[in-house]
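Nothing in this text is a laboratory measurement; each read-out follows from the coordinates by a stated rule. As the structure is a computational prediction, the values presented were derived from the model and not from experiment. Because the Cβ atoms are built from the backbone with ideal geometry, glycine has one as well, and the counts that use them run over all protein chains shown.
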Amino acid sequence: QVQLVESGGGLVQPGGSRRLSCATSGIAFSIYAMGWYRQVPGQQREWVAVITSGGDTNYADSVKGRFTISRDNAKNTVYLQMNSLKPEDTAVYYCHAQLSSIYYWGQGTQVTVAS
C-alpha cells in the first residue's frame with residue numbers, strides 16, 4: 001500500500017519559516033520524482049517545486065529563492081523548507097510522487113501565514 005504522509009503544517013507569522021516533510025512508504029522512493037503542490041479553496045492546485053531522482057530541482061517563480069526542496073532517500077522522505085513566508089503562501093500543501101505515468105498524492109497539510 002502506497003502512503004505519502006505530509007507533516008509540518010501550521011500557523012506561521014509573515015516572514016517566518018516552516019519545514020514540511022513527506023514520509024513515503026510502498027514505493028521505490030529513490031527512483032521517483034518528488035514534488036510539492038499547493039491549493040487554496042476555490043482555486044486550482046498549483047505546482048510549487050520538484051526534485052528529480054537525480055537531485056535536480058525546479059521551482060515555481062512565486063517561491064523561487066524562498067523555498068527549498070530536498071530529499072533523503074535513506075528515509076524515503078522529501079522536504080520543503082519555506083522561508084520568508086507571505087500571506088499568499090497560505091494553502092494546503094500536497095506531496096506528489098511520480099514515475100512516468102504513475103503518480104501518487106498525499107493527503108495534504110495546511111499552512112497558514114498570518115499575524
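Taking Lys and Arg as +1 and Asp and Glu as -1, the other residues whose beta-carbon sits under 13 Å from that of residue 85 total +3. Exposed loop sites are taken as trypsin sites (Lys or Arg not before Pro) in a DSSP loop (any state but H, G, I, E or B) with at most 16 other beta carbon atoms within 10 Å; the longest stretch of the chain without one runs 1-44. Couplings 3J(HN,Hα) for segment 90-96, derived from phi with the Karplus relation 6.51 cos²θ - 1.76 cosθ + 1.60 (θ = phi - 60°), are 4, 4, 8, 9, 10, 8, 9 Hz, where x marks Gly and Pro. For the options 31, 102, 69, a Gaussian network treatment of the chain with springs between C-alpha atoms closer than 10 Å singles out 102 as fluctuating the most.
Residues in segment 107-115 carry Karplus couplings, in order, of 8, x, 9, 7, 10, 10, 10, 7, 8 Hz; the curve used is 6.51 cos²θ - 1.76 cosθ + 1.60 with θ = phi - 60°, and Gly or Pro positions show x.
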